[in-house]
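The block underneath contains the structure these notes are about, expressed in C-alpha cells.
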Amino acid sequence: LLKGNIQTEKDKKEQDRVENDLLKQLVKSSTFTDIPELLVTQEAHRMLEELEDNVRRQGGVFNDYLSSMKKTPEELFIEFAPAALDRVKTALLLRTIALEQEVEATDEEVDQDIARAKEQYKNDADLQERVASPEMRDYLATLIRNRKVIQWIKEQTKKKT
C-alpha cells in the first residue's frame with residue numbers, strides 16, 4: 001500500500017512537471033498584447049499570501065520566515081513579479097483556449113468537487129463554510145475548466161506527433 005502511494009505521488013509529480021513544461025512552452029510561443037499591470041500586481045500579492053499561508057500551515061511565523069530570509073514583504077513582492085507575470089499569461093492563455101474551444105465546468109462537476117471537499121473537511125466547520133461559498137464555487141469551476149483545457153492541449157499535442 002505504501003509503495004503504491006509513493007508511486008502514485010511520483011506519477012502525479014511527473015504529470016504536473018510535464019503539464020507545467022507544456023504550458024510554459026505555449027506561453028513562450030504566444031503573443032500577448034498589453035497585460036494590465038493591475039493583474040500582475042494582484043497575482044504577486046496572491047503569491048505572497050500563498051507563501052504566508054504555507055509558512056503558517058507548517059507551524060511557522062511569517063515575520064520569522066522573512067527574517068531568516070533577510071527579506072521584507074516588499075522585496076519578496078518585487079521578486080515575485082516575473083513569476084506573477086507568467087502566471088497571469090498562463091491564466092489568460094487557458095481562458096482564451098477555453099472560450100475558443102467552448103470548454104466549461106459543469107454544475108455537476110463543481111458540485112462533486114464541493115462534496116469531496118466537504119467530506120475531506122467534515123470536522124472543520126470554518127472550512128465547511130468556506131467550501132460552500134460562491135467564491136469557492138467559482139474557484140473550483142476555474143480549476144476544473146483549466147484541467148479540461150490542459151487535457152485538450154495534451155490531446156492536440158499527441159495528434160501532432
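The values are calculated or read from the model by the stated rules, or taken from the named source; none is laboratory data. Keep in mind it's a predicted model, so treat the numbers as computed, not measured. All Cβ positions, even for glycine, are placed from backbone atoms using ideal geometry, and neighbour counts span all protein chains on display. Please note that ligands, DNA and RNA were not included when accessible areas were found on the heavy atoms of the full protein model with its side chains. Shrake-Rupley method; radii C 1.70, N 1.55, O 1.52, S 1.80 Å.
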Q | Range in the chain, longest, excluding exposed trypsin sites (Lys or Arg not before Pro) [loop by DSSP; at most 11 other beta-carbon atoms within 10 Å] | A | 1-69
(Q) Rolling a 1.4 angstrom probe over the protein chains, ignoring ligands and nucleic acids, what is the accessible area of ASP21 in square angstrom, nearest 10? (A) 60
(Q) Quick check: from the Cα gyration tensor, does segment 1-55 come out rounded (a/c under 1.5), prolate or oblate? (A) oblate
Q. So which lysines can LYS89 reach, going by Cα to Cα under 22 Å and dropping same-chain residues fewer than 8 places off?
A. LYS24, LYS28, LYS148, LYS154
Q: Would you mind working out the accessible area per residue for the chain, using a 1.4 Å probe, and quoting it in Å²?
A: 76
Q: With springs only between Cα atoms under 10 Å apart, run a GNM on the chain and tell me which of SER133, SER68, SER29 wobbles the most.
A: SER68
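Please label the shape of segment 8-118 as rounded, prolate or oblate, based on the square roots a ≥ b ≥ c of the eigenvalues of the alpha-carbon gyration tensor (a/c under 1.5 means rounded; beyond that, a/b larger than b/c means prolate, else oblate).
Numbers: a/c = 1.84, a/b = 1.28, b/c = 1.45.
Verdict is oblate for segment 8-118.
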Q. Rounded to the nearest 10 Å², what accessible area does LEU22 show when all protein chains are kept and the probe is 1.4 Å?
A. 40
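First compute the accessible area of segment 15-130 with a 1.4 Å probe, then give the percent of it belonging to carbon and sulfur atoms. Walk me through the numbers before you get to the answer.
Numbers: 4200 of 8550 Å².
That share works out to 49 percent.
Mind running the shape call on segment 65-161? Use the C-alpha gyration tensor, a ≥ b ≥ c as the square roots of the eigenvalues: rounded below 1.5 for a/c, prolate if a/b tops b/c, oblate otherwise. All intermediate terms of the calculation are to be shown ahead of the outcome.
Working: a/c = 2.53, a/b = 1.11, b/c = 2.27.
It is oblate, given that a/c is not under 1.5 and a/b is not larger than b/c.
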Q.
If the reach is capped at under 17 angstrom between alpha carbons, list the aspartates and glutamates near LYS10, excluding any in the same chain fewer than eight residues apart.
A. GLU19, ASP21
